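This report concerns only the one structure given below.
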Amino acid sequence: MDWIIGLLSAAVVAGAAFYKKSLTLSGFAAAVLMGTVYYGAGNLFWFGTLLLFFITSTLLSKFKKERKAELEKSYAKTGNRDAGQVWANGGLGMLLCLGYAIWPHVAWQLAFVGVMATVTSDTWATEFGSLSRKPPRSVLTGKVLVPGTSGGVSVLGTAAALVGGILIGIGAWGFGHAVEMPALPLWLWALIGGISGVAGAFADSYLGATVQLMRFCPVCKREVEVDSHCGQTTVYLRGWHWMSNDRVNSISSIFGGLVALVGIFFIL
């Protein structure tokens with residue numbers, strides 16, 4: 001029965017997102033499959049936390065979209081998520097959910113919260129950071145960068161990352177409490193979510209500034225993630241050819257999960 005509930009719930013949410021053009025067709029299919037597993041193999045703790053990330057991030061992508069439209073042209077991924085982006089943001093969490101189903105332990109929960117806090121913090125940092133009135137600075141050197149440059153951070157974006165991570169921690173506590181899973185104090189979940197989320201978001205920025213594949217637009221002279229910009233084919237600039245934006249997201253979420261696991265020392 002749980003699998004049927006998960007399938008129907010995931011189909012409704014993903015269907016609404018597809019209708020609103022927040023998901024592509026491939027993204028819709030991936031989201032339905034993922035949501036079904038999150039609820040079928042898990043419960044509200046896993047499924048609800050995933051929804052909290054997805055819904056808030058989707059709404060934020062629509063917030064003042066006209067002001068962010070120009071910057072989005074430089075990004076490999078936008079608010080219209082495809083299957084690759086869906087798996088990059090939620091695939092690892094699904095594996096952790098399956099791990100808990102096989103061998104229940106609080107470590108799976110901690111790692112999951114760290115992963116979801118990271119993808120939420122990273123998304124919130126991007127969405128709010130792009131609205132900052134002050135230009136971003138390099139996470140490596142502190143040098144002022146052109147808005148939209150990979151590896152840039154801002155005070156507004158960092159604050160948004162912290163709030164997003166804390167929200168995931170609080171949400172996880174609430175969903176876990178609702179299904180009577182092994183409970184941790186609210187303050188600890190919030191702390192783990194905030195710290196791991198910001199750490200993961202900064203890891204994402206670091207990878208973006210160092211090894212992510214970046215290209216150069218010969219027209220506007222900007223560093224971009226896309227193959228075509230300003231109507232022209234972009235050229236290779238730096239980074240590892242296989243290190244796409246999706247892979248950066250996946251690796252940074254692993255880092256956030258590992259940071260959250262440190263929280264286990266508060267429990268044992």
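Numbers for the structure displayed
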quantity	calculated
Structure-based [θ]222 nm, the chain - -39500 (n - 2.57) summed over DSSP H runs of at least 4, per residue, nearest 500	-21500 deg cm²/dmol
Sparse-neighbour loop sites [chymotrypsin sites (Phe, Trp or Tyr not before Pro); segment 198-240; at most 13 other C-beta within 10 Å; DSSP]	Trp240
Within a Gaussian network of the chain (alpha carbon springs, distance under 10 Å), most fluctuating of Ser205, Ser253, Ser26	Ser26
Lys/Arg +1, Asp/Glu -1 at C-beta; the chain dipole; positive extreme among Ala10, Cys230, Thr158	Cys230
Given Lys20/Lys221; Lys21/Lys221; Lys62/Lys134, the pairs whose alpha carbons are separated by over 26 Å	Lys20/Lys221; Lys21/Lys221
³J(HN,Hα), Karplus 6.51/-1.76/1.60, whole Hz, each residue of segment 92-109, x for Gly, Pro	5, x, 5, 5, 5, 4, 5, x, 5, 5, 7, 9, x, 7, 4, 4, 5, 5
Accessible area (Å², per residue) of segment 101-151, counting only protein heavy atoms and a probe of 1.4 Å	46 Å²
D (Stokes-Einstein, µm²/s), Kirkwood Cα radius, the chain, 0.692 mPa s at 37 °C	177 µm²/s
Dipole magnitude (debye, nearest 20) for segment 214-255, charges at Cβ of Lys, Arg, Asp, Glu	140 debye
Electrostatic dipole magnitude of the chain [Cβ: Lys, Arg +1; Asp, Glu -1; Cα centre; debye, to 20]	940 debye
Choice from Trp187, Trp242, Trp87 showing the highest fluctuation, given a GNM over the chain with Cα pairs closer than 10 Å	Trp242
Other-chain or far-sequence residues with amide H under 5 Å of Thr24's (modelled H)	Arg81, Asp82
Accessible area in the full protein assembly, largest first, 1.4 Å probe, for Phe28, Phe45, Phe18	Phe18, Phe28, Phe45
HN-Hα J in Hz across segment 125-134 - Karplus 6.51, -1.76, 1.60, θ = phi - 60°, x for Gly and Pro	4, 5, 5, 7, x, 5, 9, 5, 6, 9
Whole-percent carbon and sulfur share, accessible surface of segment 146-259, 1.4 Å	70 percent
Rounded Å value of the spacing that divides the Cα centres of segment 99-151 and segment 4-36	23 Å
Whole-Hz ³J(HN,Hα) from phi, Karplus 6.51 cos²θ - 1.76 cosθ + 1.60, for segment 2-8, glycine and proline x	4, 5, 5, 4, x, 5, 5
GNM top mover of Val235, Val13, Val248 - the chain, alpha-carbon springs below 10 Å	Val235
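The values are calculated or read from the model by the stated rules, or taken from the named source; none is laboratory data. Here the structure is a predicted model, which means the values were calculated and not measured. Virtual Cβ from ideal backbone geometry, glycine too; neighbours counted across all protein chains shown. Side chains are part of the model used for accessible areas, which takes the heavy atoms of the whole protein and leaves out ligands, DNA and RNA. Shrake-Rupley method; radii C 1.70, N 1.55, O 1.52, S 1.80 Å.
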